[in-house]
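J.: A single structure is presented below for examination.
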Amino acid sequence: MTPTPTATLVARDWAEIQERMLVPLYEAVYDRLEVGPGDRLLGLDCGAGLALLLAAGRGAVATGVEPDPARRALARERLLEVLAAPPSAPRPYDALLAFSPDPEVLASALPAVRRGGAVVLADWGPAERCTVPSVLGGGPAPRDLDALVERAGLRPDGSGRVFCPFGYADVDSAVRGLLSTGLYPVASTGSGAAAGSAPFDLGDPALAEKELTEALHPFERSDGAVWLPNIFRYVIARVA
């Protein structure tokens, strides 16, 4: 399947603007797991693969799963091993990373993790500590990560919160970055986009961009930069 030009542009905005906003989360999780040489990681919805690159920089062997062809192509440009779906045969991965967990995809990937291996789930923190959901008009709501752990039959093994501010050079970059997240269906490239409750006209991309631009003005700084503070929460569980 060949990505459309629009899908490719959105994927590049994710890779060039948005993906780095989650580096503090990735690094906090890797520090907590003490990721290092020889560890084998499987990352779900890995996007353009930045989280995998950071793990590889620590000496780990990282494989990604990314259903969106445009993002998958960008990850492969970085010489990463990225699959379109979780591996069907059991493989002894030491850790499974699901930073935007989908219950069905999570269930299909769990057989690939060795017994005692770590499963990391992450999502937005408390609404009052996250600016982006307010820009979206109140959504998306954070997933109940503890309930996901329980339903998956995993053993809880800790949790944490990480400050992940979304900072942009200007409003245009902020609009492009936020649209690339897939939180707005009008800009979704098919990579697990969540239909939030943003009060924008999603049937008209130009109007959606205009209204998002207006929603971002209160977060502009005097130098034109946009600053959106957020807290992300992660939980660690173990495969029984």
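The values are calculated or read from the model by the stated rules, or taken from the named source; none is laboratory data. On a predicted model such as this, the values are computed, not experimentally measured, just so you know. Glycine also receives a Cβ, built like all others from the backbone with ideal geometry; neighbour counts cover every protein chain displayed. Please note that ligands, DNA and RNA were not included when accessible areas were found on the heavy atoms of the full protein model with its side chains. Shrake-Rupley method; radii C 1.70, N 1.55, O 1.52, S 1.80 Å.
J.: Quick check, is residue 43 within 13 Å of the chain's Cα centre (by Cα), closer than 21 Å to residue 112 by Cα and touching a residue at least 40 places away in the same chain (Cβ under 8 Å)?
T.: yes
J.: Sticking with this structure for a sec: Would you be able to tell me the number of residues in the range 202-235 that are assigned to a loop (DSSP other than H, G, I, E, B), touching a helix residue (DSSP H, G or I) at 6+ places or on another chain (Cβ under 8 Å), surrounded by 15 or more Cβ atoms within 10 Å (Cβ to Cβ) and in contact (Cβ under 8 Å) with a residue 40 or more places away in the chain?
T.: Summing the residues that are assigned to a loop (DSSP other than H, G, I, E, B), touching a helix residue (DSSP H, G or I) at 6+ places or on another chain (Cβ under 8 Å), surrounded by 15 or more Cβ atoms within 10 Å (Cβ to Cβ) and in contact (Cβ under 8 Å) with a residue 40 or more places away in the chain in the range 202-235 gives 1.
J.: Oh, and also: Given the range 1-119, what helices (runs of 4 or more DSSP H) lie entirely inside it while holding 2 or more residues that are hydroxyl-bearing (Ser, Thr, Tyr) and more than 22 Å from residue 234 (Cα to Cα)?
T.: 5-13
J.: For residue 127, work out the one condition from (1) touching a helix residue (DSSP H, G or I) at 6+ places or on another chain (Cβ under 8 Å); (2) under 23 Å from residue 60 (Cβ atoms); (3) not β-branched (Val, Ile, Thr) it doesn't fulfil.
T.: The number of the failed condition is (2).
J.: Within the range 61-80, count every residue that is in contact with a strand residue (DSSP E or B) (Cβ under 7 Å, 6 or more places away or on another chain) and open to solvent by less than 10 Å² (accessible area, probe 1.4 Å).
T.: 5
J.: Return the residues of the range 111-140 that are touching a strand residue (DSSP E or B) at 6+ places or on another chain (Cβ under 8 Å) and of a type in the set (A, V, I, L, M, F, W, C); say none if nothing qualifies.
T.: Matches in the range 111-140: 112, 113, 118, 119, 120, 121, 122, 124, 130, 132, 135.
J.: Are any residues in the range 87-113 buried (at least 20 other Cβ atoms within 10 Å of the Cβ), under 24 Å from residue 38 (Cα atoms) and either touching a helix residue (DSSP H, G or I) at 6+ places or on another chain (Cβ under 8 Å) or without any contact (Cβ under 8 Å) to a residue 24 or more places away in the chain (or both), and if so, which ones?
T.: Listed by number, the residues that qualify are 93, 95, 96, 97, 98, 99, 106.
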